[in-house]
């Protein structure tokens, strides 16, 4: 196993060569003919995509590429298409996350924040602005993957609300 795997930028540069893309040692290569010593491609390519765009985007790229587990090369055009799919997936995921941040924003009195407060018997508009800003900041800092509603409830339950 190689100590250094090709990065996504390496694969993109190899695809710019046209033809096909393969891995040789710790390098992504592109050209017309795949040498016999080319390594299995799938793990390295899709790990590189996942490192930049996330696992879901890498899975979509893998499905879109039709790349077999035993493949040692991929057509450059197919790689570019798969990468475009991964980028679109990552962009959609980011947009969805931003929409959820707006909907759960305490500072902006987002509709889901207000609804959650109503369920808890709290008047959202009565929470002082600095405390609402602190709620939003706490949600931004949390690195775990709990749904925003769970994080919000956890945060609301910790400090006393007056």
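Side notes on the structure shown:
- Complete set of residues in region 51-66 that are assigned to a helix (DSSP H, G or I), under 12 Å from the mean Cα position of the chain (by Cα) and either more than 13 Å from residue 6 (Cβ to Cβ) or not assigned by TED's automatic domain parsing to the domain that holds residue 13 (or both): 53, 55, 56, 57, 58, 59, 60
- Among the residues of region 89-111, those identified as in contact with a helix residue (DSSP H, G or I) (Cβ under 8 Å, 6 or more places away or on another chain) and part of a helix (DSSP H, G or I) are 89, 90, 93, 100, 101, 103, 111.
- Of residues in region 112-157 being assigned to a loop (DSSP other than H, G, I, E, B) and within 30 Å of residue 54 (Cβ to Cβ), the one modelled with the highest pLDDT: 142
- Exclusive hit being under 29 Å from residue 140 (Cβ atoms) and in contact (Cβ under 8 Å) with a residue 40 or more places away in the chain, set 12, 74, 49: 49
- Test: residue in region 22-30 that is buried (at least 20 other Cβ atoms within 10 Å of the Cβ), within 25 Å of the chain's Cα centre (by Cα) and modelled with pLDDT under 90: no
The values are calculated or read from the model by the stated rules, or taken from the named source; none is laboratory data. Bear in mind that the values here come from a model prediction, so they are computed numbers and not experimental data. Cβ: placed from backbone, ideal geometry, glycine included. Neighbour counts: every protein chain shown.
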